[in-house]
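The block underneath contains the structure these notes are about, expressed in structure tokens.
The values are calculated or read from the model by the stated rules, or taken from the named source; none is laboratory data. Since the model is a prediction, treat every value here as computed from it, not as a measurement. Because the Cβ atoms are built from the backbone with ideal geometry, glycine has one as well, and the counts that use them run over all protein chains shown. The area values use the complete protein model at the heavy-atom level, side chains included, leaving out ligands, DNA and RNA. Shrake-Rupley method; radii C 1.70, N 1.55, O 1.52, S 1.80 Å.
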Amino acid sequence: MAHVSFSPPYVPPGQIVQQLRDRGYAVLQPRDTADWLGCELADLKALSSDWADLPPDEFLKDGGRYRRRRHSCFIVDGMAVSQTPHRAHWQPVEYNALHGGMERWFAPMRDATVAVPVWGRLMRSVATLAQAALATRPVRWFIEAHQFRIDTAGGIGRPTPEGAHRDGVDLVAVFLVGREGVKGGETRIFEAAGPNGQRFTLSEPWSVMLLDDARMIHETTPIQPEGEGGWRDTLVLTCRRGGFQAEQN
């Protein structure tokens with residue numbers, strides 16, 4: 001049976017804010033991602049090699065070994081970007097029924113990754129977008145950065161083992177860093193309080209999906225090997241006002 005995929009509903013970078021306000025999501029093709037960030041596409045592609053040696057995710061409760069990741073946290077205050085001391089990733093069960101309610105300590109991102117100029121542009125651009133589209137007054141933005149590699153060494157890889165979900169933040173940015181030798185991995189987004197939805201497959205490196213997390217539920221379908229097997233790499237940035245999600249003691 002042939003595998004069918006749907007093209008992403010790309011919009012020009014000048015329409016991101018209005019698209020987020022009107023529909024709760026926006027998707028950019030790679031060239032427009034670079035224009036939005038104010039960098040060269042080659043600068044983004046130069047980051048891609050950092051995904052080759054991500055450590056295994058030791059917290060998968062489904063027993064899988066298909067996910068590798070790193071995680072670090074940042075605060076954007078105006079144009080200033082600062083990295084926080086390393087901290088656990090925590091979500092309430094309300095937003096992650098599979099892994100919520102537990103502290104997950106992942107390896108931090110490499111210093112060399114966050115030191116390149118394009119990384120600061122990523123942080124500031126996501127925060128500026130959240131401010132323009134979602135906030136009514138200037139605030140500090142708390143960003144969690146996740147580097148993911150999902151592979152098919154075990155036959156199948158699950159980008160979202162928790163299923164369709166929200167993240168409990170304000171803005172979610174999912175950058176496709178690359179994919180090789182896989183089929184599947186379809187992105188599905190739905191209105192949290194309405195009937196509308198979209199399905200499409202991100203296949204171009206450094207295309208990006210942007211979501212108003214309060215309004216949209218999202219998931220990515222499992223990937224399967226095409227031939228000898230392969231992988232799907234993403235960078236996920238979650239942007240939240242008021243502080244990082246953390247267990248209240």
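Distances between placed amide hydrogens fall under 5 Å for ASP57 paired with ARG67, ARG68, ARG69, all partners being 5 or more residues away or on another chain.
Could you work out how much longer the chain between ALA153 and GLU180 gets when fully extended? Use 0.36 nm per residue separation minus the Cα distance between them, nm to one decimal.
8.5 nm
Legend: helices of the chain (whole DSSP H runs) are marked when their alpha-carbon atoms reach 18 angstrom or more along the helix axis and their mean Kyte-Doolittle hydropathy is at least 0.5; marked are 117-134. The candidates LYS183, LYS45, arranged from most to least accessible area with a 1.4 Å probe in the full protein assembly, appear as LYS45, LYS183. Each semi-axis of the equivalent ellipsoid for the chain is √(5λ) with λ an eigenvalue of the Cα gyration tensor; in descending order they amount to 24, 21, 20 Å. Calculated over the stretch 22-94, the projected area of the Cα convex hull averaged across directions stands at 8.4 nm². Taking a spot 7 Å from the Cα of TRP105 along the direction of its beta carbon, which residues of the stretch 40-70 have an amide N less than 17 Å from it? So the set is 55-60, 69-70. Once you reduce the stretch 106-170 and the stretch 197-249 to the center of their Cα atoms, the two points are 8 Å from each other. As a ratio to 2.2 N^0.38 Å, the alpha-carbon radius of gyration for the stretch 149-249 is 1.15. Label sites at ASP22 and MET79, each approximated as a point 7 angstrom past Cα along Cα to Cβ, lie 3.1 nm apart. Normalised by 2.2 N^0.38 Å, where N is the number of residues, the alpha-carbon radius of gyration of the stretch 94-191 equals 1.26.
Taking all protein chains as shown and a probe of 1.4 angstrom, GLU94 keeps an accessible surface of around 140 Å².
Evaluated with a Cβ-only charge set (Lys, Arg +1; Asp, Glu -1), the chain carries a dipole of roughly 260 debye about its Cα centre, given to the nearest 20.
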